[in-house]
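The values are calculated or read from the model by the stated rules, or taken from the named source; none is laboratory data. None of these values were measured; they are calculated from a predicted model. Backbone-built Cβ (ideal geometry, glycine too); neighbour counts: all protein chains shown.
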Amino acid sequence: MPDITVLGFDWGRRRIGTAVGNSLTRTATPLRTLRADRNDLKFDAIAALIQEWQPQQLVVGLPLHPDGAAHDNTAHARRFARQLEGRFRLPVALVDERYTSVAAGDDGAEDVDSAAAQLIVEQYLQQR
């Protein structure tokens, strides 16, 4: 398989954590959390990250209840993934994000959202 760069997102209504990873090393690095209230500003910030990192794959964390059932935020995250795919013409994968924010917080992350995005990207890379 070719070496690819993956840009990942821990979607939230107020914040979106971001991370970048590489399929060769199967590791990721947290970037930053986007905190724009307006959609156009969020997508402008995402466009800048895509320009900087030139990913071949995008990954969005899919929030689910502990039992795997969908909830309100599941639909919002799916919509965000479709918007990314439509705007940037890159493939978007959805990855189960259950407990990533808890794990990032337990690990002492200063920026829990971007650390959760790191875990989402690494989970995608391990499953690939």
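Sort through Leu34, Leu7, Leu41 and tell me the only one that's touching a Phe, Trp or Tyr at 6+ places or on another chain (Cβ under 6 Å), among the hydrophobic types (A, V, I, L, M, F, W, C) and on the phi < 0 side of the Ramachandran plot. Break it down into steps so the answer makes sense when it comes.
Numbers: Leu34 fails: touching a Phe, Trp or Tyr at 6+ places or on another chain (Cβ under 6 Å); Leu41 fails: touching a Phe, Trp or Tyr at 6+ places or on another chain (Cβ under 6 Å).
Leu7 is the lone residue from the list that is touching a Phe, Trp or Tyr at 6+ places or on another chain (Cβ under 6 Å), among the hydrophobic types (A, V, I, L, M, F, W, C) and on the phi < 0 side of the Ramachandran plot.
Given the conditions (1) surrounded by 13 or more Cβ atoms within 10 Å (Cβ to Cβ); (2) in contact with a Lys or Arg (Cβ under 7 Å, 6 or more places away or on another chain); (3) under 23 Å from Gly105 (Cβ atoms), report the number of the one that Ser23 does not fulfil.
(3)
Looking at Ala28, Ala36, can you tell me which residue is under 16 Å from Ala115 (Cβ atoms) and out of contact with any His (no Cβ under 8 Å at 6 or more places or on another chain)?
Within the list Ala28, Ala36, the selection yields Ala28.
I need the full set of residues from segment 52-100 which are assigned to a strand (DSSP E or B) and either in contact with a Leu (Cβ under 7 Å, 6 or more places away or on another chain) or of a type in the set (S, T, N, Q) (or both), in order please.
Matches in segment 52-100: Gln57, Leu58, Val60, Leu62, Val92, Leu94, Val95, Asp96.
Quick one: how many residues across segment 104-128 are of a type in the set (D, E, K, R) and in contact (Cβ under 8 Å) with a residue 24 or more places away in the chain?
4
Would you pick out the residues in segment 1-17 that are in a strand (DSSP E or B), under 24 Å from Pro63 (Cβ atoms) and of a type outside the set (D, E, K, R)?
Of all residues in segment 1-17, those in a strand (DSSP E or B) come to 5-10, 16-17.
Within this subset, residues satisfying the condition of being under 24 Å from Pro63 (Cβ atoms) are 6-10, 16-17.
The answer is Val6, Leu7, Gly8, Phe9, Ile16, Gly17.
Just checking, how many residues over segment 26-36 are without any contact (Cβ under 8 Å) to a residue 24 or more places away in the chain and either within 11 Å of Val121 (Cβ to Cβ) or outside any loop (DSSP other than H, G, I, E, B) (or both)?
So in segment 26-36, the residues without any contact (Cβ under 8 Å) to a residue 24 or more places away in the chain come out as 34-36.
Then drop every residue that is not either within 11 Å of Val121 (Cβ to Cβ) or outside any loop (DSSP other than H, G, I, E, B) (or both), which leaves 34.
Number satisfying all stated conditions: 1.
Mind listing whichever residues of segment 1-20 are in contact with a Leu (Cβ under 6 Å, 6 or more places away or on another chain), among the acidic types (Asp, Glu) and crowded, with 19+ Cβ neighbours inside 10 Å?
Listed by number, the list is empty, since nothing qualifies.
Search segment 55-71 for residues being modelled with pLDDT of 95 or more and of a type in the set (A, V, I, L, M), and hand back the single one that is surrounded by the fewest Cβ atoms within 10 Å (Cβ to Cβ).
Leu62
Could you list, in sequence order, the residues of segment 37-80 that are touching a residue at least 40 places away in the same chain (Cβ under 8 Å), within 17 Å of Val6 (Cα to Cα) and small (Gly, Ala, Ser)?
Result: Ala47, Gly61.
Let me spell it out: the conditions are (1) within 14 Å of the chain's Cα centre (by Cα); (2) buried (at least 16 other Cβ atoms within 10 Å of the Cβ); (3) touching a residue at least 24 places away in the same chain (Cβ under 8 Å), and Asp96 meets all of them except one. Which number is the exception?
Result: Asp96 fails condition (2) only.
Which ones in segment 1-40 are farther than 26 Å from His71 by Cβ and among the aliphatic types (A, V, I, L, M)?
If the condition is that a residue be farther than 26 Å from His71 by Cβ and among the aliphatic types (A, V, I, L, M), then Met1, Ile4, Val20, Leu24, Leu31 are the ones that fit.
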